[in-house]
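The structure appears below as structure tokens.
Taken together, the values in this text are just the output of simple stated rules run on the coordinates, not laboratory data. Computed from a predicted structure; not experimentally measured. Reconstructed Cβ throughout: ideal geometry from the backbone, glycine too, with neighbour counts over all protein chains shown.
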Amino acid sequence: MLFNRYRRGLFIASFLAAPVVLYLVYVIAPYAQAFYIATTDWRGVTATPAFIGLDNFVRLFGDGIFWKAVTHNLALLVLLPLITIVLALLFAFLLNVGGAHGVSGVRGSRFYRVVFFFPQVLAVTVVAVLFQQVFRPDGSGMLNGPLMALGIRPVGFLSDPGVAFWSVLGVLVWQAVGFYVVLFSAGLAGIPRDMFEAAQIDGAGRLSLFFRITLPLLWDTVQVAWVYLGILALDVFAIVWVMTDQHGGPDFSTTVMAAEIYRNAFQYFRFGYASALGVVMFFFTVGFAILSLRVSRRERIEY
Amino acid sequence: MPTTPHISRRELLRGAALVPVAGALAACATPAARPGASGSAAPVATSAANPFGVDGKKPLEVWIFDGGFGQDYAKNIHEPLFKSKYSGVEIKHNATKEITKVLQPRFAGGNPPEVIDNSGANFMDFGALSQDGQLQDLTPLLDAPSWDDPNVKVRDTIDPSVVEIGTYDGKFSVLGYVNYIHGIWYSQKVFRDNGWQVPKTWDDFLKLCETIKKSGKMAPFTYAGKFPQYLYEPLLTMAAKIGGNEVLVNIDNLEDGAWTAEPVKTAAAAWAEVGAKYLMEGTTGLDHVQTQTAQNKYKVAMLPSGSWLENEQKTTTPPDFAYGMFPIPDVTGSDKLPYGTLHTQPGENFIVSAKSPNPQAGMEYLRAMLSKKAAGEFSQLVRTLTVVKGATEGRDISPGVTSASQAVTAAGANAVYYRWNNWYGPLKDEAIAATGQLMSGNLTADQYLERIQKKADEIKNDSSIKKYKR
């Protein structure tokens, strides 16, 4: 019996060995090494970096640009999930049960479902370059062209530091919403139809259907979405780096933690300092993960 | 035999499986000192024809930044010229747009290539390379006989600022090959057709802007709004013209109050006025290609740029456009430097890795590049000037390059440059951000300079950042 259990464990371990080794070598080990590099003055080329203790972390506290990046990440952490989930829920509800008659979607919902998913198919870089053109400040911009034709002054979507952050947020929402429409649609499909029908017989309108049935029964899925979007909000490197002027500008108005790490490592060649920033970001991410797991612990509803 | 360790087949396999894991764990991200090949061995005798003692059989690896100049000049001009003398040397030609990403791991791993054109947006930090002894001392190259004439040293065939600018930690180690000449660029055809004159004073410049604006034909001025470094260039050149070369020297040396000095204030206020009144609509959101193309389409009259412009725009420039450039006009009437003062700066920086297997051949390659034949053909191919004196003599060159080289001749010794932007990356990014805000009216000239000064002071007081002096 004991031998059998041992053999079973060995059998499982043999399957796990390869992925665990890969994970150790390519994920855990670099993380651990980043902690070490963060305590050195490594500039990327020397083979013998000097140990400088916690100097990089002390310096980091006085780095205004990095803290600006942190506030942008935190703002995204709140706004991106909120806006995306509200929009995605609305669209998912309309596509699945929001129709005028019975439990069905609005007219043309099959078509919309495909359209909503389009942005998800595009690579992030493609989206970023695409929106650079959409946001162009002259007559060839997709948004400014019509504005200028109406005689309105063009908006500096990416060149006005007061507007650029909202442009980035808009693009992130635009790209993310489609996926969550599909996710919530799948969640809705898991809710028994008779619940909606019963509620409708009892005289519930679209609004109360949404708030009394759809939202409570989808709560689990919404929480999953929140965690995913939160992780996305802590990253957002690619869109910011490729789309915005001066990589996180103008005037650092759109920069995020990951962009500052990249800038310090690969443009200023301060790999030690960049690793220290990375360590801080690591703790932000872990903190967020723990927090969201704590908060989302809730009883499941069994049908 | 009790001392013989007993290894079962299973343990052997287990051990064999773990060895690479341990190796990979150790070698992943952190740098590793490797004994590796040392480049100092030079068993080949030196001579006047072979001043560095190049081994005729050892290979030579060349990396070219594949940017505005492409890579054909290396493949078709420089490498064949080198080969003509050392036919036994195998040249491994490579090109990339991402110098850092490709080559930084090679330095960290201890096997860098010999010759690197360390240019483009993602070049490797020269200070970091120098600090670690990765740059070959090129002083022997300066003192070697030139490729064309054994009686003339290489030092005497090139622009003297190359040596000054290429010196790191007291050693000449970076060879700027191209001579970048900065100025205000316009279409000679447009100016001729409209009867507009090249302005000699700043008042004339503003009047010209007003005339162009009123004519309704095109916008007076633009710059690469997404990259405001295109604008702080004329701003600083103007400051140097007003207050003399020491304005820029002080800025480079991070002197207290260098940025808030009176000449810089005057220049910042002058350009802020241009930003407020005469910019092409949407300038702040456009990049260099978009603004330069707008100029080619006759939508804007003037923009600040450098002598690479003509080559960069060759596909969109109308045939009769005729690029021309003029220097910063006289501002105060009592400017310290005369009309014609230019910002010229060697660029397209070539280095030889000290720790590469064959640095001697690397230096010899640079010597070949500095021959009149190599430099002249380069100028013709990529429409730009090199630091080699008189290399374009007797060659048929384009209007823009002609205009730039005339300006250089007219400027004579009145040439200025600055290096803070290459020395202190964070200061450069701050200046870029602030310049954008100055030109869009969100900062006044005083606020603008105070902001940059604050960053400069921050860097001065940060002991972890290596300081440079000139």
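Okay, here's what the table says:
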read-out	value
Simple label model, 7 Å out from Cα along Cβ direction - A:ALA186 to B:GLU255, nm	6.6 nm
Backbone HN-Hα couplings from phi across region A:18-25 [Karplus 6.51/-1.76/1.60, Hz, Gly and Pro as x]	4, x, 5, 4, 4, 4, 4, 6
Listed residue (A:LEU22, A:GLN200, B:PRO160) projecting farthest to the positive dipole end of the protein assembly as shown, Cβ model	A:GLN200
Sites matching trypsin sites (Lys or Arg not before Pro) across region B:314-367 that sit in DSSP coil, with at most 10 neighbouring C-beta atoms within 10 Å	none
Overall form of region B:321-470 per C-alpha gyration tensor (a/c, 1.5; a/b vs b/c)	oblate
D (Stokes-Einstein, µm²/s), Kirkwood Cα radius, region B:373-446, 0.890 mPa s at 25 °C	159 µm²/s
Two-site FRET efficiency, A:LEU215 against A:TYR36, from Cβ-Cβ distance with R₀ of 45 Å, rounded to 0.05	0.45
Three-way shape call for the protein assembly as shown based on the alpha-carbon gyration tensor, with the a/c threshold at 1.5	oblate
Given charges at beta-carbon only (K, R positive; D, E negative), |dipole| of chain B in Debye	960 debye
R0 of 41 Å, Cβ-Cβ distance B:LYS171-B:ASP203: FRET efficiency to nearest 0.05	0.35
Acute angle (nearest 10 degrees) that the helix B:399-411 long axis makes with the longest principal axis of chain B, alpha-carbon atoms	80 degrees
Residues whose placed amide H lies under 5 Å from that of B:GLY176, excluding near-sequence neighbours	B:PHE350
Listed peptides B:193-200, A:133-140, A:270-277 by packing density, highest first (mean Cβ within 10 Å)	A:270-277, A:133-140, B:193-200
Full-stretch length increase - A:GLU197, A:PHE111 - with 0.36 nm per residue and alpha-carbon distance subtracted	28.5 nm
Sequence-distant residues sharing a close amide H with B:ASP330 (under 5 Å, placed H)	B:THR201, B:TRP202
Antiparallel %, DSSP beta bridges [both residues in the protein assembly as shown], to 5	65 percent
Order of B:TRP63, B:TRP259, A:TRP174 - criterion: other Cβ atoms within 10 Å of each residue's Cβ, fewest first	A:TRP174, B:TRP63, B:TRP259
MRE, 222 nm, helices only [DSSP H, n ≥ 4, -39500 (n - 2.57), over chain B, to nearest 500]	-12500 deg cm²/dmol
Dipole magnitude of the protein assembly as shown about its Cα centre (Cβ charges: Lys, Arg +1; Asp, Glu -1), debye to nearest 20	2100 debye
Farthest toward positive dipole pole in the protein assembly as shown [+1 Lys/Arg, -1 Asp/Glu at C-beta], among B:GLY394, A:VAL224, A:PRO161	A:VAL224
For chain B: rounded, prolate or oblate by the Cα gyration tensor [a/c cutoff 1.5]	prolate
Magnitude of the charge dipole, region B:128-272, Cβ model with Lys/Arg +1 and Asp/Glu -1, debye to 20	1120 debye
Where N is the number of residues in region A:148-212, Cα Rg divided by 2.2 N^0.38 Å	1.89
Amide H contacts of B:THR386 (H built 1.01 Å from N, under 5 Å, at least 5 apart or other chain)	B:ASN179
Dipole axis of the protein assembly as shown (+1 Lys, Arg; -1 Asp, Glu on Cβ), positive-most option in A:LEU89, A:PHE266, B:LEU427	A:LEU89
Residue among A:GLY249, A:GLY205, A:GLY230 with the largest mean-square fluctuation in a Gaussian network model of chain A, springs linking Cα atoms under 10 Å	A:GLY205
